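Before any comments, here is the structure.
The values are calculated or read from the model by the stated rules, or taken from the named source; none is laboratory data. Bear in mind that the values here come from a model prediction, so they are computed numbers and not experimental data. Counting neighbours? That spans all protein chains shown, and the Cβs are built from the backbone with ideal geometry, glycine included. Protein only, heavy atoms only, side chains kept; ligands, DNA and RNA dropped before computing areas. Shrake-Rupley method; radii C 1.70, N 1.55, O 1.52, S 1.80 Å.
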Amino acid sequence: MPSWGEVLKEFQESAAERAKVGQQGPDADGIRRKYLERLVEHTKRPVIVYYTDWVRGGTPLASIDLGDMQAMMEVMQHLKGPGLDIILHSPGGSAEATEAIVHYIRTKFSHVRVFVPLAAMSAATMWTLAADEIVMGKHSQLGPIDPQIQMGNMYVGVGAVRDQFAKALQDIATNPAALGAWAPILQQYGPGLLEMCQQADTLARSLVKQWLAAYMFRNHKDREARAEDIADFFGDHRLHQSHGRGIFRDVVRAKELCVLDLEEDQELQDCVLSVHHTAMLTVQGAGVVKLIENHLGRSFVLSQGVMQVQVPVFPPQAPPQVIPGRPSDSPGS
């Protein structure tokens, strides 16, 4: 498996060769798609890459939004099921957009496997929990799904807003003189804010519960109870203490989710991480905010508000599609 540094060197060598003929930059698309083809040759399943440049700060454009539906419609053309692999690297975004994307994917594919080579946080965690199987490495992480709302120039968890309001009520009931201290804070609470916070929290948990019961836990008699427990765990802001805190593989597996080790299949790990390195270098090196692509060369690229769609002239034939059997030790077997 090429390491990050080795893939970076490959990019640099490509840029040097292209410079000789007056072209700028590396052939990032060619290098990335080379590794995507190797992955599909190994898995015999179609694959979609969803990557955003956010680990260095990112922009609001990096978030999952309804515009991604157009991208998913584009890259899901010519993909044959019933199985689909998704390599997901995202900070999250809109729960409503995530719901639409998951619904669309599930109308076309009956078995979905999500790879998390680094991090899928917030609404991207919700997306991951809509899979039949999750593949994570030792370094991979999901995140809490408690919704965040913008208040002024910062984002605040809806649970924190409700907790603060409850504390204010308690303090004022105990000591009416505390109203003077709380008044400037409570004035920030617009009409309907607390109800909006409650609804946002309920939506995130209910979607995760619905998807787990319908897919990953569908063969369990107690699927509803299992799904509710998982949704409550990922949505508990007090437990996780920070919306950006990672939830690692051992914790996810301990919740009896169907989590496969990326390292279990060395060739698979090599292919996935090679795609990961090339995708990361693509978004970081070319000013790309969002890259959504399939293994056939059809892609949707968002670069600081500029959208580009790439369509192959002669799409290669996809290999035969198969659904792998569930591991004997995974939930639902």
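At a glance:
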read-out	value
Among the candidates LEU207, LEU179, residue that is open to solvent by 80 Å² or more (accessible area, probe 1.4 Å) and part of a helix (DSSP H, G or I)	LEU179
Selection count, region 34-56, where residues are open to solvent by less than 60 Å² (accessible area, probe 1.4 Å) and out of contact with any Phe, Trp or Tyr (no Cβ under 9 Å at 6 or more places or on another chain)	13
Any hit, region 31-41, residues being closer than 25 Å to ALA130 by Cβ, at pLDDT below 90 and more than 18 Å from the chain's Cα centre (by Cα)	no
Residue check, VAL252 in contact with a Gly (Cβ under 8 Å, 6 or more places away or on another chain), open to solvent by less than 50 Å² (accessible area, probe 1.4 Å) and among the β-branched types (Val, Ile, Thr)	no
Selection count where residues are among the aliphatic types (A, V, I, L, M) and open to solvent by 50 Å² or more (accessible area, probe 1.4 Å), scope region 215-245	2
Cβ pairs under 9 Å, 6+ apart, first in region 274-298 and more than 11 Å from ALA28 (Cα to Cα), second polar (S, T, N, Q) and crowded, with 24+ Cβ neighbours inside 10 Å	VAL288/THR52; VAL289/THR52; LYS290/THR52; LYS290/SER90; LEU291/THR52
Residue list for region 1-33, filter: surrounded by 15 or more Cβ atoms within 10 Å (Cβ to Cβ) and in contact (Cβ under 8 Å) with a residue 60 or more places away in the chain	PRO2, VAL7, LEU8, PHE11, PRO26, ALA28, ASP29, ILE31, ARG32, ARG33
Conditions (1) free of Cβ contacts under 8 Å to residues at least 40 places away in the same chain; (2) closer than 30 Å to ASP163 by Cβ; number of the one not met by ASP265	(2)
Verdict on GLN77 being closer than 24 Å to HIS277 by Cβ and either out of contact with any helix residue (DSSP H, G or I) (no Cβ under 8 Å at 6 or more places or on another chain) or free of Cβ contacts under 8 Å to residues at least 40 places away in the same chain (or both)	no
MET136 vs. criteria in contact (Cβ under 8 Å) with a residue 60 or more places away in the chain and of a type outside the set (Gly, Ala, Ser)	yes
Any chance VAL252 is under 21 Å from GLY83 (Cβ atoms) and among the aliphatic types (A, V, I, L, M)	no
Positions within region 57-97 being open to solvent by less than 10 Å² (accessible area, probe 1.4 Å), within 12 Å of LYS108 (Cα to Cα) and either in contact with a Cys (Cβ under 9 Å, 6 or more places away or on another chain) or not in a strand (DSSP E or B) (or both), in sequence order	MET72, MET76
Test set (1) closer than 21 Å to ASP132 by Cβ; (2) out of contact with any Phe, Trp or Tyr (no Cβ under 7 Å at 6 or more places or on another chain); (3) in contact (Cβ under 8 Å) with a residue 40 or more places away in the chain; (4) not in a loop (DSSP other than H, G, I, E, B) - GLU256 fails condition number	(4)
Residues located in region 107-154, provided they are assigned to a strand (DSSP E or B), of a type in the set (A, V, I, L, M) and touching a His at 6+ places or on another chain (Cβ under 7 Å)	ALA119, ALA120
Options ILE172, ILE149, ILE145; residue that is surrounded by 13 or more Cβ atoms within 10 Å (Cβ to Cβ), under 17 Å from the mean Cα position of the chain (by Cα) and not hydroxyl-bearing (Ser, Thr, Tyr)	ILE145
